[in-house]
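Here is the structure we will look at.
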Amino acid sequence: MIVHSYYDEDPRVRREAEALLAAGHEVDVIALRRLTDEPTAILAGVTVRRLGVQRHQGAGIGVYLREYLSFLARSGWALLRAHRRRRYDLVQVHSLPDFLVFAALPLRLVGVPIVLDLHEAMPELFKSRFPGASSPLPNRLLRIQERLSIAIATAVITVNPAMARRLVDLGVGADKVHIVANSASLRLFDVGSAPARPFAADGVVRLVYAGALTPTYELDVALAALRRLADERPDLAFHLDIYGRGDAEPHLRAQALDLGLAERVSFHGRIPIEDVPAAIAGADIGLAPTRHDPFTDVSLSTKLFEYAAMGKPVVASRLPLVTATFEAGTIATYAAGDVNAMATAIASFLDDPAEREAAIGRTLEVVRAQSWERQAAAYVALVEALIRGDRPAPAGPRA
């Protein structure tokens, strides 16, 4: 596997690598290296080769491009050298960027199957994060690289039916597109793995957010909604714990201070994925606030599954895939960007314990039906079919 991320921080890559390992395969991963990391490590049986490239989160598009190209060149050379010793049966490349798949082109030319795992829609993401990418030339270049990247792959994996439909609409053959959903591992996110916390057991309603602190996730709206709740319910004691890092953190800290919430909001930084279930278990409500734009039209946050798997009620933006996945009576949704609506959604879990518990139970049923343990079997079957040279069966619901 090749991935432009820190392997230990990427749940999807880790889930897939460990699923292949459990099925009896040897897995090597080429990934980014923090300055404090060892060049090579073995994590849960997976060999991780870390290259001397670091992530520059929140940087400009030019910095991202240089970072991507540096990792492309280094990972391609590292893969070629390793293949001479290891003779890989398959290479899986994880986006972003999509064009990282070109690091595996030499192996593709000698018959090694290449899987491109499209975690996100790169053109839509860049338009969302970088206004300049919305102009005709950059947008056209982003779409060209996407098409070329898909063209050289043997098969494409993506994360949900909306992403799969998007690819088919672009002209990608439906038989080339497979879905391996981003969902929670119930082995890791086990509701029985931590002591149960009765709702507001200590007299404080504890809210939790575990994820990236970037403009995509409207934590600014969440903070404003909490200010609204504090004004409307002066006797309500609450606290928000934020686990994660990103370029929006300085603004969010300043906003919490300006709103008079500094004592009610804690920024804990990023924690290892193994520690996230316990952090969620210590809360009462999970928050998944997400802006609505063309990028999030085809994305679904794994946070929803993780909160629900730990038996917590969930408040999330009312996005297309959220409402398609979680029917009425499960999670509480609000119109993205609407401070009042988010405050109301949070309050909906405060006043009716019976309905809250019913919502938790119904949401947990959805999560169990779509758990990673179910996805893993289809994913492994896809990889093994490609290694054998067979025409792989669909790895999930069709687009």
> residue 130 to residue 351: FRET efficiency via 1/(1 + (r/R0)^6), r the Cβ-Cβ distance, R0 41 Å, to the nearest 0.05?
Replying inline: 0.45
>> Quick check of the Kirkwood formula: for segment 63-116, what is the inverse mean of 1/r over all pairs of different Cα atoms, in Å?
In response: 11.3
>> At a threshold of 8 angstrom on Cα-Cα distance, excluding pairs fewer than six apart, so keeping six or more, what relative contact order does the chain reach in percent?
In response: 15
> In nanometres, what is the gap between the two model label sites at residue 35 and residue 23, each 7 Å from Cα along Cα-to-Cβ?
Replying inline: 4.0
> What is the log10 of I(q)/I(0) for segment 109-261, computed with the Debye formula using one identical point scatterer on each Cα and no solvent, at q = 0.13, 0.15, 0.16, 0.20 Å⁻¹?
Replying inline: -0.87, -1.00, -1.05, -1.24
>> In whole Hz and in residue order, list the ³J(HN,Hα) couplings for segment 380-390 that follow from phi through the Karplus curve 6.51 cos²θ - 1.76 cosθ + 1.60, θ = phi - 60°; x for Gly and Pro.
In response: 4, 4, 4, 4, 5, 5, 5, 5, 6, x, 7
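In square nanometres, what is the average projected area of the Cα convex hull of the chain?
Orientation-averaged projected area of the Cα hull: 19.0 nm².
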> For segment 156-218, what number results from the quotient of the Cα radius of gyration and 2.2 N^0.38 Å?
Replying inline: 1.77
> Residues with amide H under 5 Å of residue 92's amide H, sequence separation 5 or more or different chain, H placed in the peptide plane at 1.01 Å from N; which?
Replying inline: 2, 115
> Between residue 110 and residue 73, what FRET efficiency comes out of the Förster formula 1/(1 + (r/R0)^6) with R0 = 25 Å and r the beta carbon distance, rounded to 0.05?
Replying inline: 0.80
>> Just want the answer: with Cβ charges of +1 for Lys and Arg and -1 for Asp and Glu, which residue in 204, 193, 215 is farthest toward the dipole's positive end in segment 168-254?
In response: 193
> Spin-label point model (7 Å from Cα, Cβ direction): what's the residue 292 to residue 258 distance in nm?
Replying inline: 2.4
> What is the magnitude of the charge dipole of segment 158-291 about its Cα centre, with +1 placed on the Cβ of each Lys and Arg, -1 on the Cβ of each Asp and Glu, and no other charges, expressed in debye to the nearest 20?
Replying inline: 340
> Whose amide H sits under 5 Å from the amide H of residue 200, counting only residues 5 or more places off or on another chain, with H placed in the peptide plane?
Replying inline: 206
> So what is the relative contact order of segment 1-154, in percent, for Cα pairs below 8 Å that sit 6 or more residues apart?
Replying inline: 19
>> As I understand it, the dipole of the chain uses +1 on the Cβ of Lys and Arg and -1 on the Cβ of Asp and Glu, about the Cα centre. Which of 319, 178, 242 lies farthest toward its positive end?
In response: 178
> Tell me, in nm to one decimal, what length is gained between residue 56 and residue 328 on full extension, where the rule is 0.36 nm per residue of separation less the Cα-Cα distance?
Replying inline: 94.0 nm
>> Over segment 174-294, what is the relative contact order in percent, taking alpha-carbon pairs closer than 8 angstrom and at least six residues apart?
In response: 39
> Using a simple spin-label model with points 7 Å from Cα along the Cα→Cβ vector, what separation in nm is obtained for residue 335 and residue 84?
Replying inline: 6.2
> So what are the radius of gyration and Dmax for the Cα set of segment 1-87, in Å?
Replying inline: 13.3, 42
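Which value at 222 nm does the chain reach when only helices count, each DSSP H run of 4 or more adding -39,500 (n - 2.57), with the total divided by all residues and rounded to the nearest 500 deg cm²/dmol?
Working: 14 runs with 164 residues, N = 399.
Computed ellipticity for the chain at 222 nm equals -12500 deg cm²/dmol.
None of the figures in this text is laboratory data; all of them are computed from the coordinates on show. Here the structure is a predicted model, which means the values were calculated and not measured. Positions of Cβ are generated from backbone atoms using ideal geometry, with glycine treated the same way; all protein chains shown enter the neighbour counts.
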